[in-house]
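Only one structure is covered here, and it is reproduced in the block below.
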Amino acid sequence: MDRTAGKELALAPVQDWGEETEDGAVYSVSLRRQLSQRSSPRAGPGGSQASNPAADAFLHYRTSKVRALRAARLERLVQELVSGDHEQDPGFVPAFLATHRAFVSTARVLGLLLPPPPPPLPPGREIKKTEGGGLRVNKNLRAVVSVLGSWLRDHPQDFRDPPAHSDLGSVCTFLGWAAPAGPEAQEAEKLLGDFLEEAERKQEEEEKPEAWTGPPGAVHSPRPDSPEDCSEAEAEAGPVREGPELLDFSVDELAEQLTLLDVELFARVRSCECLGSVWSQRDRPGAASTAPTVRATVTQFNTVIGCVLGSVLGEQGLAAPQRAQRLEKWIRVAQRCRELRNFSSLRAILSALQSNPIYRLKRSWGAVSRERLSTFRKLSQIFSDENNHLSSREILSQEEATEGPQEEDTLPGSLPPKLPPGPVPYLGTFLTDLVMLDTALPDMLEGDLINFEKRRKEWEILAHIQQLQKRCGSYCLSPRAPVLAALRAQCQLSEEQSYRVSRVIEPPAASCPSSPHVRRRISPTKRLSAKLSRERRSSPAGSPGDPSSPTSRLSVSCSLSPGSPPSSPRTRDPPGSPPASPGPQGPNTKLPLSLDLPALRLLALPLSSSHISVPGQPGSEARVIRVSIDNDHGNLYRSILLTSQDKAPSVVQRALEKHNVAQPWARDYQLFQVLPGDRELLIPDNANVFYAMSPASPGDFVLRRKEGARPTTTISSA
């Protein structure tokens, strides 16, 4: 490499320069360095072109200033949609359209964006039109029409406002006079017609008597997920079926149908529902209809877990080799899902196999072949807890970058090369990233400015999701009614039932150390349910070291919150167990077995264990912590931002607010940090939590009522 080439690489194409404030808006400024065109050589004597070797040895650059809006009031943000320099800042419009619902309604944006119609013309005066038949409009109107076109194309569901869809009606009215012959007006009219037609069909279906119409969607129909739908007597005697059982189908059929369902659901996910400010509100009173497309993926994930549990534990009379065959079948299905690049069902199957009700069946695992155990360990390493699930993230990136055969490798006359379908991601990774991002960065900055830099970071993640959705459109899978019917009919055991059935199959005293040993990572970032805490203190029955003890399991009513790690009781290896060998996460990792709750097993970001700077507070550090509350309201984790200036009372008050508990009772609570080895650190009432907490442990805390304190009451929706 010559000196000029090395110098060229050393020059960064974009360099941060600082900030500028203009009319109350804050812009980030960077310098963009581009290689300029060389001037033509000058003519020498006799008309020949002279060459200057010394001049040719230098590269000429042109530096331009680039501004990107970082924070502003709402009116300025909407104005930037129309008057901004989209060549300098091409990401502003898509970022605003994808994230605006986090801080403003669609109706409010349209009220600021759409100009009033022109006044009526005097009689006898004609309206000037362009050659295409549209009105002659100014530059701002053309910009508004362009923004609406992108909005209608990329986020049509933003305009759904039944029954009249008034927002879409306003758009149709504007486009009717601003660009009546343009594609934007046609798109708006078509979308309005689709919404109205869909409402009519829905009303007709509601008026018809209910009838079972088969399993074309499978996931859209109610599933037998309640305890009454699959009793323990059925599990003991085996369910009575008219058709084939789920595991009667081939590995390819099962994996392909699971992938088909996952692809359909992932393609319907609305990006705005994944935003942390939206998804984190799903458990609040009156939020049952929040994020329906994301909830559907969660339901399907938990359904797959239930199918694995039901098929493995569903018949108590099976011998260990027979049950081992079922374990091997699901391991092969998981491997096939990996080959199909379906990471969602892959994660669900592995989670079920790693659950205590199945993992503790050591005689059954002892009959599994070494080859299948090796496959199970390798697949489990994809979702290892170490390094923030770096393996799954790296593999997903590699799968996205996978290309089809090169053009020179194709045979003459064959079809052009195309990318392989998928991958189908595990959506929990993105949901956690967005929730942690929403927790760490403020919505508003000093001066009541909307922090749009936060929305840009969210848009980077949402754009990744949309890119994956486009890739999933290339799958060519056909539904198979018998397989989908078997999925729907699979016996579903509740968490309590699966636990009891597992103990009947292999009583705790008869357990032997034959389960596939994977690394037991008893992380301090685990939470205990209130029931578990009470039973451990009061009941002498069931050793804490026995993984089959009732105290080793979560309450059925518990659900996982975004940003929290997979929940697991603090258990130890049972007596007689050999040391854990290196491998993926162990059997103490619990699942969202309560299928009636949207309990998606989510990952933790590095943000939760590393310090970050606090905007507007120079010299202040912060980190995201997770706080649960030890009461009878679900004992969820909630993420809050802890700064280096926060005292215990303010942390307790903000945590109670997140849990919808009346804040005047903050003085009745004490804050404990969860430490390794089943230990807790009491944070004194007047202590600075940031410095009082143990820095070597992840930031997981629990709130407990002080002795003699009044019982808490959750704030109702009223």
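Here are a few things to note about the model shown:
- Filtering segment 76-93 to residues that are within 22 Å of Arg32 (Cα to Cα) and buried (at least 18 other Cβ atoms within 10 Å of the Cβ) leaves Glu80, Gly84, Asp89, Phe92, Val93.
- Residue check for Leu152: at pLDDT 95 or above, farther than 30 Å from Arg332 by Cβ and outside any loop (DSSP other than H, G, I, E, B): yes
- Residue ranges of helices (runs of 4 or more DSSP H) in segment 422-496 with at least 3 members under 30 Å from Asn356 (Cβ atoms): 427-440, 481-489
- One residue from Arg455, Arg488 being in contact (Cβ under 8 Å) with a residue 12 or more places away in the chain, within 20 Å of Arg268 (Cβ to Cβ) and basic (Lys, Arg): Arg488
- Residues considered: Met436, Met444. Of these, the only one that is open to solvent by 60 Å² or more (accessible area, probe 1.4 Å), closer than 29 Å to Ile625 by Cβ and modelled with pLDDT of 80 or more is Met444.
- Filtered residue count, segment 310-338, keeping only those that are assigned to a helix (DSSP H, G or I), touching a residue at least 24 places away in the same chain (Cβ under 8 Å) and open to solvent by 10 Å² or more (accessible area, probe 1.4 Å): 9
- Members of segment 249-276 found to be among the acidic types (Asp, Glu) and open to solvent by less than 20 Å² (accessible area, probe 1.4 Å), listed by number: Asp262, Glu273
- Where a residue in segment 682-708 is within 10 Å of Ala648 (Cβ to Cβ) and among the β-branched types (Val, Ile, Thr) and its partner, wherever it lies, is open to solvent by less than 40 Å² (accessible area, probe 1.4 Å) and assigned to a loop (DSSP other than H, G, I, E, B), with Cβ under 6 Å and at least six apart: Val689/Asp646
- Residue count for segment 691-705, restricted to those that are open to solvent by less than 20 Å² (accessible area, probe 1.4 Å) and among the hydrophobic types (A, V, I, L, M, F, W, C): 4
- Selection status of Ala352, crowded, with 24+ Cβ neighbours inside 10 Å and either small (Gly, Ala, Ser) or in a strand (DSSP E or B) (or both): yes
The values are calculated or read from the model by the stated rules, or taken from the named source; none is laboratory data. No experiment lies behind these values; they were computed from the predicted model shown. We place every Cβ from the backbone using ideal geometry, glycine too, and count neighbours over all the protein chains shown. Accessible surface is based on the protein model in full, side chains and every heavy atom, while ligands, DNA and RNA are left aside. Shrake-Rupley method; radii C 1.70, N 1.55, O 1.52, S 1.80 Å.
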